[in-house]
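Written out below as structure tokens is the structure these notes cover.
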Amino acid sequence: MERIKKRLSFNRKSAFAEPVKLRKRKSKLYSQEDANSQYEKGFLGVNLNVVLFTVTFRLVNCCLVQTSFVPDEYWQSLEVAHNMVFKYGHLTWEWTEGLRSYAYPLFFASIYKTLHLLDKDTVELLIWGPRLAQALLAALSDIKLYSLVKKLENENIAKLVYFSQLCSWFTWYCCTRTLANTMETVLTTVALYYYPFQGSKAKNSSIYLALVALAVVMRPTAVIVWLPLVSYHFWQEDKKMNLVLHHAMPIGLLTLGISTFIDRVFSGKWILVQLNFLKINVLQNLAEFYGSHPWHWYLTQGFPVVLGTHLPFFIHGSMLAPKRYRILLAAVIWTVLVYSLLPHKEFRFIYPVLSFCMVFCGYSLASLKTWKKPAVCFLVLSNILPALYTGLIHQRGTLDVMNHIQQLCEESNSPTNAEVSVFFLMPCHSTPFYSHVHCPITMQFLQCPPDLTGNTSYIDEGEVFFSDPVRWLEAHFPNQTVLSTHLVFFEVLEKEITPFLERNSYVKTSQFFHTHVPEGRVGRNIYIYERQT
């Protein structure tokens, strides 16, 4: 009996001495929770390899875009920033009339100021520094779009949305440019990550509302994109007064106050940019001065060109995506329709909704099954050619010519050389200006500000020049003592002003290719004529 008691006691001690090993349950619920936990711990919400690849991709993207798109990418950002830091640089009429906020150029001015303090403000760094910074922001928006879909759906769909975003030719063409539209697109895409979609865990509205407010400060037209999204959020919100009083109003007033203070510091006067923008561009319809298009232009040209070969996948995905994404589709349709009502239209105006479209493209690709690989190959091949052509070839002459003028600036600093002066006989704002020369040489161009006085017979300087170039040149340069040392113009003007060039001893010294599709006053090549003394 005693032996039995000892054996039971020994077994009881052994049982407590060794921990009991339980068989792990292979539950989908548990494994999903582990995956979500690992996902949340990732850098920026995704795997570090995705971050590194995206950043590298956009930096390469930046280096392979060496062409110009529209004047605003220089004249409304870099030129203003150069003036803010180095105290010389041309400010267009929008800045003298208080139509633009200094908040966006301040981003680039901070880069310029840092380079200046480090004594590294070379013209190369002044050109590429802002663009590389914009490329990093573009990478951030790509990552946030991927994270959003992965958070709401699954990794497979997220990868296809991410792929659609990266292979878009128009995104490649625009995302590293120093345009206010590009910054608006970045802020819109990042804000979308924090937007309270149905089924999303996002509970704090402050982050996305702050990003929206910042986008509106950068470019007031961001209101168009976000109006349906914010309205839908308000309609779905249970605590509406709390959303307005504790989130929307404080954020809006704070952002507006900071923006107004920044504009006061750099403009020297108190102005409300958003009100001026509404008054001049919408109420006075002054944007029409820069061209108008028929109401259907976005439907027949703008939207199809921006989406490119993604268009059929966007349409297909719009019919497949879950109900929670209908608000994105509504925002796309609303934005296109509102911009269609405005007479002045440009491709870049609808760029901010392009990332919305990529969500539907990803859903379309995910549903194709056996046709998925051919569709992916088709998108890559059909986007790589326009991306490389527009990024490396089309409209590159206006940047190449500024590199040459920058070299002339260095030569003019030599004691043996005469002072350089350049006149651009081109449609106004065709080239960048002091931000791409970083040297206070004399440079002039044909002015084209709109008339703000209501004068119906007003004609700007550019129109007067092109109506009779020789007569204008003779009136502007009455004697040889005031002649510019260099004249820059498109080749289409050469034949018409040849008599003036010969009389004043101008000789062609440089030629730069610009485009294969010359149109109107924009020629295939750009010529530089130098006066021989």
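The values are calculated or read from the model by the stated rules, or taken from the named source; none is laboratory data. Given the structure is predicted, the values throughout are model-derived calculations rather than measurements. Ideal geometry is used to build each Cβ from the backbone, glycine not excepted, and the neighbour counts take in all protein chains shown. For accessibility, only protein heavy atoms count, side chains too; no ligands or nucleic acids. Shrake-Rupley method; radii C 1.70, N 1.55, O 1.52, S 1.80 Å.
So what's the back-of-envelope 222 nm ellipticity for the chain, counting only DSSP H runs of four-plus at -39500 (n - 2.57) apiece and dividing by all residues, rounded to 500? Result for the chain: -17500 deg cm²/dmol, rounded to the nearest 500.
Please determine, in degrees from 0 to 90 and to the nearest 10, the orientation of helix 326-341 with respect to the longest principal axis defined by the Cα atoms of the chain, where the helix direction is its Cα long axis. Result, in degrees: 10. Hey, what angle do you get for helix 103-117 against the long axis of the chain, alpha-carbon based, 0 to 90 degrees rounded to 10? In the chain, helix 103-117 runs at an angle near 80 degrees to the longest axis. Accessible surface of Tyr88, taken over heavy atoms with a 1.4 Å probe and every protein chain present, rounds to 50 Å². Applying a threshold of 31 Å to the alpha-carbon distances of Lys113/Lys508; Lys144/Lys323; Lys151/Lys239; Lys240/Lys345 flags Lys113/Lys508; Lys240/Lys345 as lying beyond it.
Per residue, the accessible area of region 44-88 comes to 36 Å² when a 1.4 Å probe rolls over the protein heavy atoms. Apply the a/c threshold of 1.5 to the C-alpha gyration tensor of region 427-533 and tell me whether it is rounded, prolate or oblate. Judged from the Cα gyration tensor, region 427-533 comes out rounded (a/c under 1.5).
Here the accessible area of region 134-217 is 60 percent carbon and sulfur, with a 1.4 angstrom probe and all protein chains present. Extending 7 Å from Cα along the Cβ direction at Glu237 and again at Asn49 yields two label points whose distance is 4.1 nm.
A Förster distance of 35 Å, applied to the separation of the beta-carbon atoms of Val244 and Leu452, puts the FRET efficiency at 0.45. Qualifying GluC sites (Glu not before Pro) in region 374-465, where qualification requires a DSSP coil assignment and no more than 12 other C-beta atoms within 10 Å, comprise Glu419.
With protein chains left intact and a 1.4 Å probe, residues in region 187-270 average 53 Å² of accessible area per residue.
Of all segments of the chain bounded by trypsin sites (Lys or Arg not before Pro) found in a DSSP loop with no more than 12 other C-beta atoms within 10 Å, the longest spans 270-533. Here is the short version for the chain: Cys62, Cys63, Cys167, Cys174, Cys175, Cys357, Cys361, Cys377 have no other Cys C-beta closer than 4.7 Å. Relative contact order, whole percent, for region 113-200 stands at 36, derived from Cα pairs under 8 Å and 6 or more residues apart.
Under the classification rounded if a/c is under 1.5, otherwise prolate if a/b is larger than b/c and oblate if not, where does region 125-260 fall, given a ≥ b ≥ c as square roots of the Cα gyration tensor eigenvalues? Because a/c hits 1.5 or more and a/b fails to exceed b/c, region 125-260 counts as oblate. If you average the C-alpha positions of region 163-196 and of region 347-377 separately, how far apart do those two centres end up, in angstrom? That distance is 14 Å. To put it simply, the accessible area of region 392-533 at a 1.4 Å probe is 48 percent carbon and sulfur. Per residue, region 449-533 exposes 56 Å² of solvent-accessible protein surface, assessed with a 1.4 angstrom probe and all protein chains in place. Where does helix 155-166 land angle-wise versus the long Cα axis of the chain, in degrees 0 to 90, nearest 10? Its long axis makes an angle of about 10 degrees.
Shape of region 244-366 from the C-alpha gyration tensor: oblate (a/c of 1.5 or more and a/b not above b/c, with a ≥ b ≥ c the square roots of its eigenvalues).
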